[in-house]
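The values are calculated or read from the model by the stated rules, or taken from the named source; none is laboratory data. Predicted model, so just to flag it, every value in this text is computed and none were measured. Cβ placement follows ideal geometry from the backbone for every residue including glycine, while neighbour counts extend to all protein chains displayed. To get the accessible areas, we keep the full protein, side chains included, count just its heavy atoms, and leave off ligands, DNA and RNA. Shrake-Rupley method; radii C 1.70, N 1.55, O 1.52, S 1.80 Å.
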Amino acid sequence: MRNRKTRFIVALMMMLFFAFSIFPSVLNAAEMNDQGSVKFRYFYGNESFFKLLSRLNAQRAAEGEKEEVNPAPEEPQVPEEPQVPEEPQVPEEPQVVQGLSSDEKEMLELINRERAKVNAAPLQIDMRLVKSARAKSSDMIDNNYFSHTSPVYGGFSALIRQYASDYAYTGENIAGAPRVETAHKNFMNSSGHRKNILNTNYTHVGIGIVDGGPYGKMLTQHFGG
């Protein structure tokens with residue numbers, strides 16, 4: 001009698017273990033339809049429960065494989081817009097003027113370099129003013145004087161207007177020095193001469209540099225605007 005009870009208990013435990021092990025699979029065989037009732041997808045005719053379970057596991061594996069084969073597409077990554085480099089600032093080419101000596105070209109470059117520092121427009125060369133400036137430098141050497149008033153031409157404004165009469169504003173800087181750079185430094189260290197060089201009323205300049213005189217070179221700047 002005891003042996004029969006023992007066999008019964010063992011059989012019952014095995015049935016319970018088997019039932020719990022297949023319970024999730026059995027649940028997966030059922031699905032809710034649109035009306036809210038439960039129906040079984042794989043139970044056909046006299047198909048045994050084990051065949052049902054085997055078919056269910058195969059179906060689940062196939063669905064899993066299908067999900068892996070056709071994963072949801074990821075959102076495409078939009079490439080960042082490339083940064084457009086800024087256009088390099090090309091420095092302005094120095095003014096090319098025909099008919100100036102190397103000293104006169106150097107003086108013109110120094111003048112416009114100073115004007116660029118204060119955002120003033122560069123002065124353009126007017127060859128008429130170059131002629132009047134050269135005449136003044138030669139006159140100072142020939143007549144041995146150093147002044148804005150010439151014994152021959154009178155005041156600088158009168159001299160400028162003999163060559164270029166269409167300027168409303170006129171100005172003059174004069175210097176005697178052995179080198180152009182020295183004369184330029186002297187101009188910039190003098191408030192009156194510096195004001196002429198940086199004056200925004202002036203649009204054109206003429207430079208006349210003549211070798212000779214007690215200083216080595218005589219330099220004249222004539223401004224017009």
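Among the criteria (1) touching an Asp or Glu at 6+ places or on another chain (Cβ under 9 Å); (2) part of a loop (DSSP other than H, G, I, E, B), the one Glu181 does not fulfil is (2).
Being among the small types (Gly, Ala, Ser) and part of a strand (DSSP E or B) is the requirement here; does Gly192 meet it? It is false that Gly192 is among the small types (Gly, Ala, Ser) and part of a strand (DSSP E or B). Residues in segment 184-219 that are of a type in the set (Gly, Ala, Ser) and within 18 Å of Ile125 (Cβ to Cβ): Gly206, Gly208.
Flag: Lys195 does not match the condition of being of a type in the set (D, E, K, R) and surrounded by 14 or more Cβ atoms within 10 Å (Cβ to Cβ).
Taking segment 200-225 as the range and being open to solvent by less than 30 Å² (accessible area, probe 1.4 Å) and either over 17 Å from Ser132 (Cα atoms) or not in a strand (DSSP E or B) (or both) as the test, the residues that pass are Tyr202, Gly212, Gly225. Against the list (1) in contact with a strand residue (DSSP E or B) (Cβ under 6 Å, 6 or more places away or on another chain); (2) touching a residue at least 24 places away in the same chain (Cβ under 8 Å); (3) under 14 Å from Leu219 (Cα atoms), the condition Ile160 fails is (3). Determine if segment 133-142 includes at least one residue that is open to solvent by 90 Å² or more (accessible area, probe 1.4 Å), within 19 Å of Gly213 (Cα to Cα) and modelled with pLDDT of 95 or more. Yes, that holds for at least one residue. Yes or no: Leu110 open to solvent by less than 20 Å² (accessible area, probe 1.4 Å) and under 24 Å from Arg194 (Cβ atoms)? In short, no. Is there a residue in segment 158-175 that is open to solvent by 20 Å² or more (accessible area, probe 1.4 Å), under 21 Å from Ala116 (Cβ atoms) and among the acidic types (Asp, Glu)? No, every residue in segment 158-175 fails to be open to solvent by 20 Å² or more (accessible area, probe 1.4 Å), under 21 Å from Ala116 (Cβ atoms) and among the acidic types (Asp, Glu). Somewhere in segment 119-129, is a residue within 12 Å of Gln221 (Cα to Cα), open to solvent by 20 Å² or more (accessible area, probe 1.4 Å), at pLDDT 95 or above and assigned to a strand (DSSP E or B)? Yes, segment 119-129 contains at least one residue that is within 12 Å of Gln221 (Cα to Cα), open to solvent by 20 Å² or more (accessible area, probe 1.4 Å), at pLDDT 95 or above and assigned to a strand (DSSP E or B). In segment 88-98, the residue that is modelled with the lowest pLDDT out of those that are open to solvent by 50 Å² or more (accessible area, probe 1.4 Å) and over 29 Å from the mean Cα position of the chain (by Cα) is Val96.
Within segment 115-129, the set of residues being in contact with a strand residue (DSSP E or B) (Cβ under 6 Å, 6 or more places away or on another chain) and more than 17 Å from Ser157 (Cβ to Cβ) comprises Leu123, Gln124. State which residue pairs qualify: first residue among the hydrophobic types (A, V, I, L, M, F, W, C) and inside segment 139-150, second residue part of a helix (DSSP H, G or I) in any location, beta carbons under 8 Å apart, and separation of 6 or more residues or different chains. Once the first residue is among the hydrophobic types (A, V, I, L, M, F, W, C) and sits in segment 139-150, its partners that are part of a helix (DSSP H, G or I) give Phe146/Met140.
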